[in-house]
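Chemist: Handing you a structure now.
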Amino acid sequence: MAYIAVKGMQDIYKDQAASFNYIEEVFKAVCNLYGYHEFRTPILEYTEVFDRSTGESSDIVRKEMYTFLDKGDRSVTMRPEFTAGVIRSVVENKLYATEDLPIKACYVGPVFRYDRPQLGRYRQFTQAGVECIGQDSARVDAETICLAIQILSMLGFENLTLKINTIGDAESRAKYREALKAYFEPKISTMCEDCQQRIKLNPMRILDCKVEADQEIAKGAPKMKEFLSEASEKRFYETLSIIHDLGIEYEIDDSLVRGLDYYGEVVFEIHAKSKAGIDYGALLGGGHYDGMLKTFGGPEMAGVGFAFGLERVYSVMKDNDLFKELDNGLDVYVMPVGESVLDDVFELTSEIRTLGYSAETPFAALKLGSQFKKAEKRGAKFAIILGEDELAKGVAQMKNLKTQEQKEFKLDQLEETLDDAFGEDDDDGCGEPHEHSKEETK
Ligand code: HAM
């Protein structure tokens, strides 16, 4: 058997890994502005955690979970999303009773869905998201949507489409499900096998069907808004009015029902296409939920949250050149001239790092031409060149690899020289984010 990554899973390294880190940093920084704290829940949960909350009728639970028996014969599942695990944790640790409400949890990490791999769709992917738990108000829903928009805006997205809908309270949804059942029943024998199951489990899931012919039939289905209770309708328009006042543009999409069973009231998705018009699917999705804490044995408490897939966000950002400001290069490449200075160059490299600048050396006295090529491959900004003659005089050469300017400096003035060099570089107008590691470690 060939040693290849499991189907639908990918290796992420170098620039892509640095870009993922950048997205995570921006995400956490914006969450921080809204008072969120990180939750790290296990990747593996007992299967009931997802069966009971994410929903028996959802495609995720029915078809896409990585579920197996552990050595104690307990059924466990690799998380297909975070929300259920976070709520399980809030209930198990009784945080709803000990923490000030609302609890604001944010998270980032891998999730697993046995989905059909295609553009923007993987079997292991990375989600970043939030849950705001324990306070039920249109204002909380609106703040969560505002946070989602701010994260994507801070990442540089300009043309975002916020699609929003309400799926009402439990009573409205029960009426809606009946109406959908009545609409689909005469047509169901012509629809896909999944839809034939969906009509029994939850006819609302038919609206998520990806089969084109079924989507055509679904277009004529009754709309949720016809079955909304007065309270749900009022709440929806309250949320819309708050986000409108915050300057957020939205599109009401009355076919948006989301593919997970726990939602109630407002649901939303954010879409963005790449410059070339490629649609990687929804970048972000979320909504309000009511019964989940109770399902896990906790109190009746509401929550609202969203998650986005880093792979999709990354792809659209890359296609739209939103990483061009990112600089993952090395600060200094330290070059030995001759074998005799290898130890001194090794020490000098280490000293540069303790001063807070990133540095590398080739560990061998290669020809200078090859060393410059290596420096270039590592995106180094400066080269420091040290030979026997210089060492005897207590000096070294420092070359700006962008301007090609070279000057001698005294080794006992290393710190001042580096600070000056990188300070000057800022004045040149190249002072971009991630300028050099000293800046980051401050
Ligand atoms: P979801 O819509 O299933 O919601 O997933 C959220 C995001 O994960 C999607 O918008 C998409 O960016 C990404 N995503 C989903 N499936 C894949 C895949 N196969 N490959 C790559 N990316 C994917 C949830 O998971 C909810 N837990 C969100 C939430 C939090 N609702 C309330 N709180």
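Chemist: Give the percent of DSSP beta bridges with both residues in the chain that are antiparallel, rounded to the nearest 5.
Modeler: If I count the DSSP bridges inside the chain, around 80 percent turn out antiparallel.
Chemist: For helix 14-33, what angle does its Cα long axis make with the longest principal axis of the chain, in degrees from 0 to 90 and rounded to 10?
Modeler: So the helix axis and the longest Cα principal axis differ by about 60 degrees.
Chemist: Given a cut-off of 28 Å, what percent of all Cα-Cα pairs of segment 245-393 lie beyond it?
Modeler: So the pairs more than 28 Å apart make up 54 percent of the total in segment 245-393.
Chemist: If I build a Gaussian network model for the chain, linking alpha-carbon pairs within less than 10 angstrom, which residue out of ILE103, ILE270, ILE278 has the largest mean-square fluctuation?
Modeler: Fluctuation is largest for ILE278.
Chemist: Right, next: Kindly rank 181-194, 295-308 from highest to lowest mean number of other beta carbons found within 10 Å of each residue.
Modeler: Descending mean neighbour count gives 295-308, 181-194.
Chemist: Moving on to the next point. Compute the distance from the alpha-carbon center of segment 111-182 to that of segment 7-29, in whole Å.
Modeler: Segment 111-182 and segment 7-29 have Cα centres separated by 21 Å.
Chemist: Could I ask something else about it? Write down the percent of antiparallel bridges among all DSSP beta bridges whose residues are both part of segment 44-184, to the nearest 5.
Modeler: Rounded to the nearest five, the antiparallel share is 100 percent.
Chemist: Still on this structure: To the nearest 20 Debye, how big is the dipole of segment 85-216 about its Cα centre, given +1 on the beta carbon of each Lys and Arg and -1 on that of each Asp and Glu?
Modeler: 360
Chemist: Still on this structure: Mind checking which of VAL341, ILE352, GLY329 is farthest towards the positive end of segment 301-365's charge dipole, using Cβ charges of +1 (Lys, Arg) and -1 (Asp, Glu) about the Cα centre?
Modeler: GLY329
Chemist: For GLU92 paired with ALA213, estimate the spin-label separation in nm (one decimal), with each label point 7 Å from Cα along the Cα-to-Cβ line.
Modeler: 4.5
Chemist: Along the positive direction of the dipole of the chain (beta-carbon charges: Lys, Arg +1; Asp, Glu -1; about the Cα centre), which of ALA392, GLY72, PHE363 reaches farthest?
Modeler: With unit charges placed on the Cβ atoms, the residue in question is GLY72.
Chemist: Can I ask one more? Holding the Cα-Cα limit at 25 Å, pick out from LYS7/LYS200; LYS367/LYS402; LYS163/LYS210; LYS163/LYS318; LYS200/LYS223; LYS163/LYS273 the pairs that are longer than that.
Modeler: LYS7/LYS200
Chemist: Follow-up. Could you give the distance between the Cα centres of segment 269-304 and segment 194-244, to the whole Å?
Modeler: 15
Chemist: Just how large is the dipole of segment 230-339 about the Cα centre, in debye to the nearest 20, putting +1 at every Lys and Arg Cβ and -1 at every Asp and Glu Cβ?
Modeler: In debye, rounded to 20, segment 230-339 gives about 180.
Chemist: Here's a follow-up. Kindly give the semi-axes, whole Å and largest first, of the ellipsoid equivalent to segment 40-178, taking each as the square root of 5 times a Cα gyration tensor eigenvalue.
Modeler: So the equivalent ellipsoid measures 26, 21, 19 Å along its semi-axes.
Chemist: Looking at the P(r) of segment 179-248, how many percent of alpha-carbon pairs lie beyond 14 Å?
Modeler: Taking all Cα-Cα pairs of segment 179-248, the fraction more than 14 Å apart is 63 percent.
Chemist: Using the C-alpha atoms of segment 216-281, what convex hull volume per residue, in cubic angstrom, is computed?
Modeler: So the per-residue Cα hull volume is 128 Å³.
Chemist: I would also like to ask the following. Ignoring ligands, DNA and RNA, what accessible area per residue does segment 233-363 give at 1.4 Å, in Å²?
Modeler: Averaged over the residues of segment 233-363, the accessible area is 42 Å².
Chemist: When the Cα centres of segment 43-81 and segment 340-384 are compared, how far apart do they sit, in Å?
Modeler: Taking the Cα centre of each part, segment 43-81 and segment 340-384 sit 50 Å apart.
Chemist: Count the net charge of all other residues whose Cβ sits under 11 Å from the Cβ of TYR122, scoring Lys and Arg as +1 and Asp and Glu as -1.
Modeler: Taking every other residue near TYR122 into account, the sum is +4.
Chemist: Here's a follow-up. Kirkwood hydrodynamic radius for the chain: how many Å is it when counted over pairs of different Cα atoms?
Modeler: That comes to 25.1 Å for the chain.
Chemist: Given a 1.4 angstrom probe, what's the average accessible area per residue across segment 33-139, in square angstrom?
Modeler: On a per-residue basis, 48 Å².
Chemist: A further question on this structure: Run the accessible area of the chain with a 1.4 Å probe and give the carbon-and-sulfur part as a rounded percent.
Modeler: On the chain, the fraction of accessible area on carbon and sulfur atoms equals 48 percent.
Chemist: If you put +1 on each Lys and Arg Cβ and -1 on each Asp and Glu Cβ, how big is the dipole of the chain around its Cα centre, in Debye rounded to 20?
Modeler: Dipole magnitude for the chain comes out near 2120 debye.
Chemist: Could you check the spin-label model distance between ASP420 and ALA5? Points 7 Å from the Cα along Cα→Cβ, value in nm.
Modeler: 4.6
The values are calculated or read from the model by the stated rules, or taken from the named source; none is laboratory data. Predicted model, so just to flag it, every value in this text is computed and none were measured. Here the Cβ is made from the backbone with ideal geometry for all residues, glycine too, and neighbour counts use every protein chain on show. The area values use the complete protein model at the heavy-atom level, side chains included, leaving out ligands, DNA and RNA. Shrake-Rupley method; radii C 1.70, N 1.55, O 1.52, S 1.80 Å.
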